[in-house]
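The values are calculated or read from the model by the stated rules, or taken from the named source; none is laboratory data. Because the structure is a prediction, the values reported are computed rather than measured. Cβ atoms come from the backbone with ideal geometry, glycine included; neighbour counts cover every protein chain shown. We work out accessible area using only protein heavy atoms, side chains counted, and drop any ligands, DNA or RNA first. Shrake-Rupley method; radii C 1.70, N 1.55, O 1.52, S 1.80 Å.
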Amino acid sequence: MTSPLKTRAGIGLAAALTMALPAAAQEMTIIRLLDSNHYDPPRTAALAGSEVIFMLADTLVALDEDMKTIHPLLATSWEVSDDALTYTFHLRDDVSFCDGKKMTADDVVYSLNRWNDPETKSPVRWRMGDVKSITAPDATTVVYELNAPHSELLYQLAQSFGSVIDKETVEELGDDFGVTGFNGTGPFCWESWAPRDKMVMTRHEAYNWGPPMYENTGPAQVEKMTFQVVPEAATRTVAMLTGQGDVSPYIPYIGWEKLRQAPTVEVIRSDEAFFTNYIGFKITRDLVNDIKVRQAINLAVNQEAMAEDLFFGEVEPAFSYLSSGALDYDDSEDDKLLTYDPEKAAALLDEAGWTLNSDGVREKDGVELAPLAITFTGDWQQVVEAVQADLLKVGIKMQIEPMDATVYWGKSATDDFDMYVMGYPYVSSGDGLNLYFRSENIPTPNRMNYSDPETDELLLAGSQATTDADRAAAYAQVLHKVQGEAIWLPVYHQPMQIALSSKVKPFEAHNIYGVGTYKGLQLGFK
């Protein structure tokens with residue numbers, strides 16, 4: 001397979017460098033691939049959204065880099081009732097929003113209840129558990145009551161979706177909250193956002209309540225933090241090599257080894273990250289509603305060749321929907337995973353009634369097997385083009401519709417496509433499976449329109465389990481079920497890697513929701 005990344009790596013780089021001039025000494029520039037559609041915490045599931053929100057706002061608790069230990073953040077301590085239905089959080093009394101207003105328990109309750117409100121239409125509402133009530137008996141106490149146990153509640157409350165925000169700002173800005181402004185308690189404050197270009201944040205000077213696992217709990221070490229979107233892959237590499245960027249986890253795979261050899265760049269890596277990239281099927285669409293077609297597509301794609309030729313050995317080819325290192329991963333049916341076998345793929349298509357026409361394309365009842373795949377532009381588009389080439393070899397004429405990220409998020413919530421692309425971070429098997437396979441999560445993030453009562457029951461059983469064994473057993477059944485139905489085409493599992501300018505102090509990459517920079521408190525210049 002010829003890599004599009006290889007062939008384009010050296011073309012027109014100087015002309016493509018259209019970003020701002022190098023940052024001032026106390027301004028740090030993070031080079032990114034994609035932008036979010038907005039920055040309203042409970043309303044976006046985009047990784048690009050969490051990258052910024054973690055720096056603009058805080059959550060009740062924080063998650064350690066080990067992805068296991070829960071630390072205090074806005075809450076200094078908490079108790080859990082014996083029946084695991086009531087969590088009582090005791091808050092700091094010295095926290096303020098970026099506008100100087102003091103934060104109280106009422107702000108926490110407002111933010112969490114807004115997340116839980118169906119009117120908010122949060123795509124990740126399920127992460128809160130079955131909420132009975134969230135109340136504030138006094139200014140520094142929050143009582144979170146559940147109707148049923150939620151085994152991962154603290155881990156979920158550490159995610160960006162549970163960020164505490166200012167009610168007055170939300171009401172003032174309305175639908176423009178997280179678009180034209182934001183008011184949180186994080187290490188940085190909103191300055192400006194130019195969609196698809198850059199997000200600029202300034203240091204929250206009063207901030208000194210960061211997570212205790214950091215030596216620096218605030219204020220941030222830099223005065224200004226800029227997230228700069230650079231869609232062109234090779235340009236991101238050049239930006240790091242030339243000092244126009246200070247930090248980037250979005251280096252094209254061809255560029256990582258080049259950066260490791262460069263004296264002006266350091267690469268940090270964590271293999272504790274769980275991040276899987278896949279292509280999903282809209283299983284209610286005619287062209288992909290047959291399991292044999294979905295299985296054939298899985299069998300026709302050579303993930304191992306892609307890992308070497310397209311990703312330069314920097315990733316692990318994926319055949320399962322979860323990383324084998326994730327909590328509660330069950331490998332008892334790994335021998336049933338769909339691996340590269342184009343002859344078997346062709347046979348399945350024959351069985352399903354899709355025969356080759358004179359143009360070498362599969363056809364049935366006068367209709368060509370030409371599913372439409374929507375994709376982000378940039379790196380993902382090149383991945384989909386490689387898949388397209390593999391599928392054509394067995395007679396599947398996949399169509400590709402690339403689009404900018406800010407358009408993609410809306411498009412992917414519709415039914416106007418057969419296949420879509422997505423990469424997702426997770427802390428455990430339950431985290432990943434609940435995100436995508438709950439029927440209540442249709443149309444997003446369950447973009448497959450997958451609806452199965454048994455799966456819903458198993459996911460609920462896993463989330464409410466009070467023993468590790470019961471939780472693991474429930475999630476194992478879900479994993480085997482959805483993989484058996486070929487709901488996705490898994491492509492690769494990726495490690496967390498971040499390129500740093502030699503001017504930047506080395507730090508330990510975080511893996512929460514795939515956001516290596518987390519709060520930004522560890523980012524500083526030497």
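Just one of the listed residues (Glu304, Glu308, Glu368) is free of Cβ contacts under 8 Å to residues at least 24 places away in the same chain and open to solvent by 50 Å² or more (accessible area, probe 1.4 Å), and it is Glu308.
Please enumerate the residues belonging to the range 372-396 that are of a type in the set (S, T, N, Q) and surrounded by fewer than 23 Cβ atoms within 10 Å (Cβ to Cβ). Hits for the range 372-396 are Thr377, Gln381, Gln382, Gln388. Checked against the criterion of being surrounded by fewer than 23 Cβ atoms within 10 Å (Cβ to Cβ), in contact with an Asp or Glu (Cβ under 8 Å, 6 or more places away or on another chain) and not hydrophobic (A, V, I, L, M, F, W, C), the candidates Glu232, Glu205, Glu272 yield just one match: Glu272. Of all the numbered requirements in (1) open to solvent by 40 Å² or more (accessible area, probe 1.4 Å); (2) under 22 Å from Arg447 (Cβ atoms); (3) among the polar types (S, T, N, Q), Ser324 misses one, and that requirement is (2).
Here Asn37 meets each of (1) modelled with pLDDT of 95 or more; (2) in a loop (DSSP other than H, G, I, E, B) with one exception, condition (1). Inspect all residues belonging to the range 476-483 and state whether any of them is outside any helix (DSSP H, G or I), hydrophobic (A, V, I, L, M, F, W, C), over 15 Å from the mean Cα position of the chain (by Cα) and farther than 21 Å from Val315 by Cβ. No: zero hits. For the range 443-455, filtered to residues that are out of contact with any Leu (no Cβ under 9 Å at 6 or more places or on another chain) and surrounded by 19 or more Cβ atoms within 10 Å (Cβ to Cβ), the residue that is farthest from Leu47 (Cα to Cα) is Tyr450. Please work out which residue is nearest to Tyr492 (Cα to Cα), limiting yourself to the range 311-321 and to residues that are of a type in the set (A, V, I, L, M, F, W, C) and open to solvent by less than 40 Å² (accessible area, probe 1.4 Å). Among residues in the range 311-321 that are of a type in the set (A, V, I, L, M, F, W, C) and open to solvent by less than 40 Å² (accessible area, probe 1.4 Å), the one nearest to Tyr492 (Cα to Cα) is Ala318.
Restricting attention to the range 55-81, which residues are out of contact with any Gly (no Cβ under 8 Å at 6 or more places or on another chain) and farther than 23 Å from Phe507 by Cβ? Passing the criteria: Ala75, Thr76, Ser77, Trp78, Glu79, Val80, Ser81.
Quick grid of which residues meet (1) crowded, with 16+ Cβ neighbours inside 10 Å; (2) under 21 Å from the mean Cα position of the chain (by Cα); (3) at pLDDT 95 or above:
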site	(1), (2), (3)
Met398	yes, no, yes
Asp431	yes, yes, no
Asn441	yes, yes, no
Glu457	no, no, yes
Asp468	no, no, no
Trp488	yes, yes, yes
Met496	yes, yes, no
Ala509	yes, yes, no
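Screening the range 136-246 for strands (runs of 3 or more DSSP E) wholly inside it with 1 or more residues that are aromatic (Phe, Trp, Tyr) and on the phi < 0 side of the Ramachandran plot returns the ranges 141-146, 188-194, 224-229. Residues in the range 109-128 that are assigned to a loop (DSSP other than H, G, I, E, B) and either at pLDDT 95 or above or loosely packed, with under 15 Cβ neighbours inside 10 Å (or both): Asp117, Lys121. Selection of the range 410-426 for residues being in contact (Cβ under 8 Å) with a residue 60 or more places away in the chain, closer than 21 Å to Val515 by Cβ and either open to solvent by 40 Å² or more (accessible area, probe 1.4 Å) or part of a loop (DSSP other than H, G, I, E, B) (or both) yields only Tyr426.
The selection criterion, being of a type in the set (S, T, N, Q) and surrounded by fewer than 22 Cβ atoms within 10 Å (Cβ to Cβ), does not hold for Thr237. Here Ala62, Ala75, Ala57, Ala105 are screened, and the one residue that is without any contact (Cβ under 8 Å) to a residue 60 or more places away in the chain and open to solvent by less than 10 Å² (accessible area, probe 1.4 Å) is Ala105. Keeping to the range 348-365, report how many residues are open to solvent by 70 Å² or more (accessible area, probe 1.4 Å), touching a helix residue (DSSP H, G or I) at 6+ places or on another chain (Cβ under 9 Å) and part of a helix (DSSP H, G or I). Residues that pass the stated criteria total 1.
Within the bounds of the range 277-300, is there any residue that is surrounded by 22 or more Cβ atoms within 10 Å (Cβ to Cβ), of a type in the set (A, V, I, L, M) and assigned to a loop (DSSP other than H, G, I, E, B)? Looking through the range 277-300, none of the residues is surrounded by 22 or more Cβ atoms within 10 Å (Cβ to Cβ), of a type in the set (A, V, I, L, M) and assigned to a loop (DSSP other than H, G, I, E, B). Applying the set (1) part of a helix (DSSP H, G or I); (2) without any contact (Cβ under 8 Å) to a residue 60 or more places away in the chain to Ser451 leaves exactly one unmet item: (1).
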